[in-house]
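Contents: one structure, followed by commentary.
The values are calculated or read from the model by the stated rules, or taken from the named source; none is laboratory data. Note that this is a predicted model, so its numbers are computed, not measured. Virtual Cβ from ideal backbone geometry, glycine too; neighbours counted across all protein chains shown.
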Amino acid sequence: MARGNWATTEDRRLIRFAMKAPMLEREEEGDLALAWQQERDEYALKKLTEAHLRLAIAAASKYRHYGLPVSDLIQEGTVGLMEAAYRFETSRDVRFSTYASWWVRAAVQDYVLRNWSIVRTGTTSAHKALFFNLKRLKARMGVDPDRPLSFIARTQIAEEMGVRLVDVEAMEGRMTANDRSLNAPVADESAQEWQDLLVSESPAPEQEIMETHDSSKKAALIEKAMENLTERETFIIRERQLKEEGVTLAVLGGQLGISKERVRQLEAQALGKLKQALINQVGDPVMAGLAEG
């Protein structure tokens, strides 16, 4: 990897550390991933991420031209490694580095998108693709990066990227526009600031109360319906459906001593029971959707 002047002394120290970290054998990285997923073994997570830290550094090097600190990019790439460690299924015939590369790249890209401008540049797949490729395409077409694209050029880029013309127009506008302070006056001699024109997206107090009441009611209905499940079905539903980050089928299978396909079957069976129990409680088939939310 070419280090050049883009890395600080601290960054270069981290790079040397990462390059000296020993590579892991397939079986070892699988054991470490399972130790983290099932036992929350922090030492296993540390060893797994340190062995693959070079992936985060490579991603940071690739996206360093967006003006963000390399150390921050590396840190975000490490977050991607940790996410990959949590989700990695050891039963799949793939090495951890291959699986983790996508999560590292996604984490770094999301960080660049969040911080490149005060104004969000968009989070759809089309916006991301355009953000990271528009400058390159303009350069290849011989277009001045500071000048707007012609209609023909925008159409050509839309076709090549497989996105809508309106997405190209929107992204070009965002990337060429300057950020404006919300405290700036609307006009030269106006006392009104731009922030005064912003409409709050927060729900009204009465709406918050209604939503809280509805959420509590739904939670109570689901809790009552779960009385119809067996102990194992209840465990699967809580781990897979009621947690913010659902556990994988493979992890649950390991904990229960059954195959992940059997876990899938039990989960489907439990959801069916929940749906019927909810219908019986309120007499309305629409409530069955609570079991799938």
Within segment 72-82, can one find any residue that is under 23 Å from Leu252 (Cα atoms), in the same structural domain as Arg16 (by TED's automatic domain parsing) and not hydrophobic (A, V, I, L, M, F, W, C)? yes
From the set of residues in segment 243-268 that are crowded, with 17+ Cβ neighbours inside 10 Å and of a type in the set (A, V, I, L, M, F, W, C), which is modelled with the lowest pLDDT? Val247
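Results for (1) surrounded by fewer than 23 Cβ atoms within 10 Å (Cβ to Cβ); (2) part of a helix (DSSP H, G or I); (3) touching a Phe, Trp or Tyr at 6+ places or on another chain (Cβ under 7 Å), shown as yes or no for each residue.
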| residue | (1), (2), (3) |
| --- | --- |
| Gln37 | no, yes, yes |
| Lys47 | yes, yes, no |
| Arg54 | yes, yes, no |
| Ala60 | no, yes, no |
| Leu73 | no, yes, yes |
Residues that are modelled with pLDDT of 75 or more and either of a type in the set (Asp, Glu) or part of a loop (DSSP other than H, G, I, E, B) (or both), drawn from segment 207-242: Glu223, Glu227, Leu229, Thr230, Glu231, Glu233, Glu239, Gln241, Leu242
